[in-house]
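Heads up, the thing below is written out as C-alpha cells.
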Amino acid sequence: MLLQATRSLLRLRVYQPAKLRMATIGSRYLTTTGVSIKTLSPDIQSFVEVQAKLCKPDQIHVCDGSEEESKAILEHLMKDGRLEKLPKYNNCYYAQTAPADTARVEKQTFVCTSKKSDAVPDTKPGVVSTLGNWMDPPEMDKQLDEKFDGCMQGRTMYVIPYSMGPIGSPLSKIGIQLTDSEYVVASMNVMTRIGKKVIDTLGKDEFVKCVHSVGYPLKSGEKDVPWPCNPGKLAVVQYPERNEIRSFGSGYGGNSLLGKKCFALRIASTIAKREGWLAEHMLILALTNPEGKKRYIAGAFPSACGKTNLAMLTPTIPGWKAECVGDDIAWMRFDDDGKLRAINPEYGFFGVAPGTNKKSNPNAMKTVFHNTVFTNTAKTSDGGVWWEGMEACANDVKVTTWQGKENWQDLSPEERRDTPAAHPNSRFCAPIKQYPLLDENWESPDGVPIDAIFFGGRRPDTIPLIYESSSWTHGVFVGAQMKSEATAAAADMKSKSVLHDPFAMRPFFGYSFVQYLEHWLSLQDRPGAKLPKIFHVNWFRKDSNGKFIWPGFGENLRVIDWALRRCDGEDIADPSPLGLIPKPGTLNVDELSGVDMEALFKQNKTELEEDVKDTQMYFDRELPGQLPAPLQAELDALKDRISKM
Ligand code: SAT
Ligand code: MN
C-alpha cells in the first residue's frame, strides 16, 4: 500500500526521486513530496511538524493543486480500490464508504471554548442541549492527543493549503488541512481552491489549522481495509478561540472535508461575530425578472431540504432568469453603502443525489456527469450510477446497491422500498464551474448584494407557503423558531419528527445560540445598514392524504417573485397572525392548475397555538432566561395575535 502510494506519486514530474526531500520531524526523517515544506511560512511549518510528530505518518506530501497531482491522487485511489472509474461518464468516479460512515455525526461534534456559555447556552437543569456539545479545551486536547498519537502510521500526511472564497478576495479566508485520506484530498480539490497559489497569498495572514485523520493506522505490512475509519472513536472538534479544527475517525462529508461545515460555518461564524459579519448555512441565487431587473437572494434551509434544488432553480414563469452563486454556505458582509454582500466560500457542490432528476433539477443533471465523484449512490452495469428518484434505467441494466448488493432491480417493489439502492445521504461532489447557469458575479471578490433572505424547512402542516416578517427583529425571531422534519444528512437524527433547527444552523453553530441571536439583532443598529427583507417559506405542506400541496421546484419562483415584488414596495400583502401574506390574487399562479391555494395559506388557530407553545417550551428548555428580550416580545406578540384568531 505504501509502496503503491509512493509509486503513483513518483510517476509525476515533480515527484522524481531526485526531488524527493527529507524533513526532520522530531528525531525522525520523513520523505516529503510535492511543494517543499521549507517554502511554507514558519507558522505553517511548525504546525505541520508538531502534528507530524504526533500522528507519525510515513511521509508528508504538500499539495500544489496541479492537474498532475490531482490525477495522481485519483490514480492512487483507484489502485487502492477506493475509487472506481465510471466509464459511462466523462472523468467520473464512484466511492463506497463503510456502512458506519455515511453522514455527519452530531453527537460527537464539539465546540471547545474556555467558557462553556460561549459555546452553548445554559439549559434548564437536567436538559442536554441540542444546540451543540461543549468540552473544556484542555480535557478535549488530552483525549484527542491520545487518539491522534500514531494515527497516520503507514499512511501519507497530505498538507492541503486551501482558500474559502476567491483567492485573494478580502472576504476570503485560508485554511491548512492535514489529512491521511486521499479521498479527502480529491474532494477538497473539488470543494475548495487548493494549492500553491493559496500559499503564495498567505503572507502574514492567519490561517485556520485543520487536522483530520481517518483514525486507522497501518502496522508495517498490514493490509488496508476498503474504507478506513474509526466510528467508535469519532470526534469532530472546533476550537474557535484558536481557529483550530481536529477531526478523527470519519472519512466522509462534513466530518472530514473540514473547509465546509467545520470552517466555513462553525469557525467562520465565530470570526464573523468578532468582525461584524455573518457566516450562514445559505444558498445564494440571482434572479432576473422579465423587465431585466436582477436581484440576489439568500436562503437558509436545513441539510437535505432542497437548498441545492432551489439554488439551481429552473424558472417556470416565462421571461425569468435564475443563476446560481452558491448552494450551501454564504459569507455576508456590509459594504460601505450598508448593503449586505455575499460570497460563496466554496468551489464545488456536495449535493444530495436521491431525488435529483431531469425534472426536479435539470441543471444538476447537466452538471454532475463529468469530473464528479459519486459516493454511496447505486452503481449500474452500464458503468454509471443510479439513485432513488432518478429516471428509470434501461431494462437490461443491472443495479448494485451502495452496499454492493447486486441485482437490486430484481427485488419486489416492497423490498426495493425497504432497502434503497442509494444511501439517502449519497452525494455528488462536482466542481461549481461546470454549472451551466452560473451568475456572472459568482466569483466577484466584492460579493453580491442580498435583497431578501428566505428561511424554511420541511413542515407537513401548520405553516403557510410564504409569509413576510414585519421588521428585522421579527425576521430574527422567524429564523430563531425554525423547525423541520429530520433528514438523512445527520447519522444520529433518524426520526421523521419535526425538530427545531434555528437558522438551519443547529448543527453548525460555532458559538452560543444566545450570542448568535444578539449578533443578528445588533446588525440593525449599524448606522446606514440597508438590511434585506426576511421571509419564511414552506414548500412541503401536505394535504390530508399526505400529498404535497405545492408542486415545488421551478414553481417556487412564483413565491419568490411575490417576495421580490414586496422588496420593490408593491402593495400586495395582508397582515396575518404569522406575518404578511399575499393579498388574494397577487401570487402569480398563471398556468398552474389544481393547487389548493386556500389549503396552502390556511392558518389554523389550534395548530398555531400548539406551535407557539412548543416554541416557548423549546426556548425555556434550551436557553432559560437568556432569550433576548426583543425576541421574547415577538413571541408574546405572536401568541397575542393567535389568541385573537
Ligand atoms: O456532510 S455535510 O455536512 O457536508 C452535508 C450537510 O449536512 O449539508
Ligand atoms: Mn448544508
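The values are calculated or read from the model by the stated rules, or taken from the named source; none is laboratory data. Just so you know, these numbers come straight off a predicted model, no measurement behind them. Neighbour counts run over all protein chains shown; Cβ positions are idealised from the backbone, glycine included. The area values use the complete protein model at the heavy-atom level, side chains included, leaving out ligands, DNA and RNA. Shrake-Rupley method; radii C 1.70, N 1.55, O 1.52, S 1.80 Å.
General remarks:
- Only lysine pairs 8 or more places apart, or on different chains, with alpha-carbon atoms under 20 angstrom apart are counted in region 350-432, and they number 5.
- Between residue 88 and residue 614, the FRET efficiency estimated from the beta carbon spacing at R0 = 56 angstrom works out to 0.70.
- Heavy atoms of the protein chains alone define the surface here; on that basis region 350-432 has 44 Å² accessible area per residue at 1.4 Å probe size.
- Antiparallel %, DSSP beta bridges [both residues in the chain], to 5: 60
- Overall form of region 350-432 per C-alpha gyration tensor (a/c, 1.5; a/b vs b/c): prolate
- Relative contact order, percent, the chain [alpha-carbon distance under 8 Å, six or more residues apart]: 14
- Whole-percent carbon and sulfur share, accessible surface of the chain, 1.4 Å: 52
- Within straight-line cross-link reach of residue 197, lysines at Cα separation under 17 Å, skipping those fewer than 8 residues along the same chain: 38, 173
- The calculated FRET efficiency for residue 274 paired with residue 222, based on their beta-carbon distance and R0 = 56 Å, is about 0.80.
- Proximal charge balance of residue 629 [Cβ under 13 Å; K/R count +1, D/E count -1]: -3
- Cα-centred dipole magnitude for region 350-432, charges only on beta-carbon of K, R (+1) and D, E (-1), debye, nearest 20: 360
- Helical contribution to [θ] at 222 nm, DSSP H n ≥ 4, -39,500 (n - 2.57), averaged over the chain, rounded to 500: -7500 deg cm²/dmol
- Ranked packing of 632-643, 572-583, 206-217, most packed first, by mean Cβ within 10 Å: 206-217, 572-583, 632-643
- Residues of region 59-78 falling in the label zone of residue 21, defined by backbone nitrogen less than 14 Å from a point 7 Å along Cα to beta-carbon, are 60-64.
- A simple packing score, the average count of other Cβ atoms within 10 Å per residue, orders the peptides 130-137, 367-374, 540-547, 176-183 as 176-183, 367-374, 130-137, 540-547, with the highest score first.
- Partner lysines whose Cα lies under 28 Å from the Cα of residue 605, excluding those fewer than 8 positions away in the same chain, are identified as 483, 496, 533, 542, 547, 583, 613, 639, 644.
- Remark: spin-label model distance residue 598-residue 291 equals 3.3 nm, labels positioned 7 Å along the Cα→Cβ axis.
- Highest to lowest packing among 64-71, 557-564, scored as the average C-beta count within 10 Å: 557-564, 64-71
- Flagged links, alpha-carbon separation over 19 Å, of 79/147; 273/339; 147/223: 79/147; 147/223
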